[in-house]
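Accompanying notes for the structure given below.
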Amino acid sequence: MDIGSLAGLLAGTGLVVASMLMGGGLGMFVNLPSLLIVVGGTFAATAVAFPGKELKMVGQCMGRVFKNPGQEMVELMRFFVDCRKASGKGGLLALEELAQKAPSEPVSKGLLLVADATEPGALQEIMATEKKAIQERHMVGKKIFNEMAKFAPAFGMVGTLIGLVQMLATLDDPSTIGPKMAVALLTTLYGALMANLAFLPMVVKLERRMEAEMQQLQLAKAGITELRAESSLAIMREKLKAFFPDRDDLDQLLAG
């Protein structure tokens, strides 16, 4: 779990709620029709803009936002060390069982290919294909959240216009102007909050996550290459440690 992402989201939400409470209470900031326009409109427009196959990836992309890639790298390093120990005792075929426990699909595929004694050149090509597929998935996720960040403020403005029309239709009753104007502006508020507190930060975080996953894939590529070459455990450790040059505790983590 990436504590920073979760803490940032909770802190931002908490500050907004606190400011509302200091200004007179949450009640005046809650309006169901405005929420329906902004939230419903945003997701409806997103469903129109993207095919169902890509929309199914939204949940997976949101999950990546709250993962800690640094810890995943360490776990991946330790996994490859365990794989080398297993292959040293039982040969490359021992990797077939470990492939079922692999932390990711590309690693699992790589281990199975190594167990089948696939040629190094073919391994490199397959890993390159996996890298391209991961990049494409991230680009789709970034595109979806980026478009949602555009749709939310737009539907906020739509709701505001609807509220203004309703207000102008009842100008003969001055007592309703203030409350209806407030409701009209709420949709703009909802749209701005959704875009700037959720969707746009997710776009930025997914871009960083893609960089982290590319590093993980490079680590996986190095580990799989060393397994296929049946390099010594010491050599594998040194090559894996090169991915974390600033950490001094890797010898302890990878020892055993």
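Please find, within region 58-102, the residue that is surrounded by the fewest Cβ atoms within 10 Å (Cβ to Cβ) out of those that are in contact (Cβ under 8 Å) with a residue 60 or more places away in the chain and charged (D, E, K, R). Going through the qualifying residues, I end up with LYS85. Among the residues of region 154-198, those identified as closer than 13 Å to VAL39 by Cα and surrounded by fewer than 21 Cβ atoms within 10 Å (Cβ to Cβ) are ALA154, MET157, VAL158, THR188, LEU189, ALA192, LEU193, ALA198. Screening GLY178 on (1) without any contact (Cβ under 8 Å) to a residue 12 or more places away in the chain; (2) touching a helix residue (DSSP H, G or I) at 6+ places or on another chain (Cβ under 9 Å) shows it passes everything except condition (2). When residues in region 48-57 are screened for being farther than 24 Å from PHE155 by Cα and either surrounded by 13 or more Cβ atoms within 10 Å (Cβ to Cβ) or of a type outside the set (Lys, Arg) (or both), 0 of them pass.
Would you confirm, using the coordinates I've provided, whether GLY223 is more than 30 Å from LYS143 (Cα to Cα), surrounded by 14 or more Cβ atoms within 10 Å (Cβ to Cβ) and either outside the structural domain of LYS131 (by TED's automatic domain parsing) or at pLDDT 80 or above (or both)? So GLY223 passes the test. Of all residues in region 1-47, those satisfying the criterion of being under 22 Å from the mean Cα position of the chain (by Cα), in a helix (DSSP H, G or I) and surrounded by 13 or more Cβ atoms within 10 Å (Cβ to Cβ) are SER5, GLY8, LEU9, GLY12, THR13, VAL39, THR42, PHE43, ALA45, THR46. Consider ALA94 carefully, then state whether it is in a helix (DSSP H, G or I) and under 30 Å from MET20 (Cα atoms). No, not satisfied. Might you check whether a residue that is of a type in the set (Val, Ile, Thr), more than 23 Å from GLU147 (Cα to Cα) and assigned to a helix (DSSP H, G or I) occurs anywhere in region 65-78? Yes; the residues of region 65-78 include at least one that is of a type in the set (Val, Ile, Thr), more than 23 Å from GLU147 (Cα to Cα) and assigned to a helix (DSSP H, G or I).
Scan region 136-153 for residues that are surrounded by 14 or more Cβ atoms within 10 Å (Cβ to Cβ) and of a type outside the set (A, V, I, L, M) and jot them down. Across region 136-153, the qualifying residues are ARG137, HIS138, GLY141, LYS142, LYS143, PHE145, ASN146, GLU147, LYS150, PHE151, PRO153.
Pairs linking a residue in region 1-25 that is closer than 17 Å to ALA195 by Cα to a residue that is in a helix (DSSP H, G or I) and modelled with pLDDT of 80 or more, with Cβ atoms under 6 Å and 6 or more positions apart or on different chains, are GLY12/LEU197. Among the residues of region 181-197, the one identified as closer than 12 Å to THR42 by Cβ and among the polar types (S, T, N, Q) is THR187.
The values are calculated or read from the model by the stated rules, or taken from the named source; none is laboratory data. Since the model is a prediction, treat every value here as computed from it, not as a measurement. No Cβ is skipped: glycine too gets one built from the backbone with ideal geometry, and neighbour counts run over all protein chains shown.
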